[in-house]
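Every read-out reported here was derived from the displayed coordinates using simple, explicitly stated rules and does not represent laboratory data. Only a predicted model underlies this, so the values are computations on that prediction, with no experimental measurement involved. Glycine also receives a Cβ, built like all others from the backbone with ideal geometry; neighbour counts cover every protein chain displayed.
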Amino acid sequence: IVDLMPKNIERSLLLEEQYWNHTAEQGWPENIERLNPHMDRKMFADYQKICSEFIRKEWPDHHERNISIGEIACGNGSAISYLENLRFQHVDYLGTDISMDLMRLVRKRPVPADWNILLAKTSGDNCVFRERYFDIIFSISVLHHFDIDRILECVSKSLKTGGIFFLNEPSQRN
């Protein structure tokens with residue numbers, strides 16, 4: 001995990017980092033799943049199906065493709081979960097998050113053999129993605145934590161032409 005955060009970060013970011021590190025220590029995502037395991041499994045299965053079906057439709061040759069995936073505020077690796085049953089030739093994955101502890105959970109999960117995983121600690125408001133680099137960018141249940149205009153500008157600059165942006169935002173505020 002590469003640390004891209006400056007040592008002197010804003011108090012609000014420090015509090016956010018502490019919250020998510022504590023969440024990881026308490027057993028993320030198991031604590032969330034225990035709240036309503038039936039709904040959690042159903043929602044996950046639905047999201048996984050939607051992502052897979054969309055990729056199969058847009059890229060019928062997906063299994064022959066080398067792709068790059070970026071994930072904003074990856075936590076324990078949502079994009080990996082949603083796409084783990086879909087085969088590609090090779091995947092370069094860059095997940096960013098403010099919590100080192102959540103990203104360490106990515107390293108503990110089974111990952112498809114054709115995936116190269118890189119993780120970077122940074123705020124989602126910092127666009128660390130290269131221009132026109134990613135085939136897919138994920139933002140799963142996190143947009144409400146960030147400056148929406150800044151995130152959308154980053155995504156539009158970072159996606160290749162014909163790239164896919166998967167956005168799931170359950171917050172009613174957005």
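Of the residues Glu17, Glu53, Glu84, the one that moves most in a GNM of the chain with alpha-carbon contacts below 10 Å is Glu53.
Charged side chains reduced to their Cβ positions (Lys and Arg at +1, Asp and Glu at -1) give the range 63-104 a dipole of some 100 debye around its Cα centre.
Projecting the Cα atoms of Phe134, Gly162, His144 onto the charge dipole of the range 107-174 (Cβ charges, centred on the Cα centre) puts Phe134 farthest toward the positive pole.
Once whole DSSP H runs in the chain are found, which of them have Cα atoms spread over 30 Å or more along the helix axis and a mean Kyte-Doolittle score of at least 0.5? Helices meeting the criterion: none.
Assuming charge only on the beta carbon of Lys and Arg (+1) and of Asp and Glu (-1), the dipole of the chain about its Cα centre is about 220 debye to the nearest 20.
Listed by chain and number, the lysines whose alpha-carbon sits under 24 Å from that of Lys121, ignoring those within fewer than 8 places in the same chain, are Lys7, Lys108, Lys157, Lys160. Length available on full extension from Asn168 to Arg109: 0.36 nm per residue minus the Cα-Cα distance, which gives 19.0 nm.
In units of the compact-protein estimate 2.2 N^0.38 Å, the range 127-174 shows a Cα radius of gyration of 1.13. Cross-link reach is defined here as a Cα-Cα straight distance under 16 Å, omitting same-chain residues fewer than 8 places apart; for Lys57 the lysines meeting it are Lys49.
Only helices enter this figure: runs of n ≥ 4 DSSP H residues, each worth -39500 (n - 2.57), summed and divided by the residues of the chain, yield -12000 deg cm²/dmol at 222 nm to the nearest 500. Measuring from each cysteine beta-carbon in the chain, the ones with no other cysteine beta-carbon under 4.7 angstrom are Cys51, Cys74. Under the classification rounded if a/c is under 1.5, otherwise prolate if a/b is larger than b/c and oblate if not, where does the range 45-174 fall, given a ≥ b ≥ c as square roots of the Cα gyration tensor eigenvalues? Here the range 45-174 falls in the rounded category.
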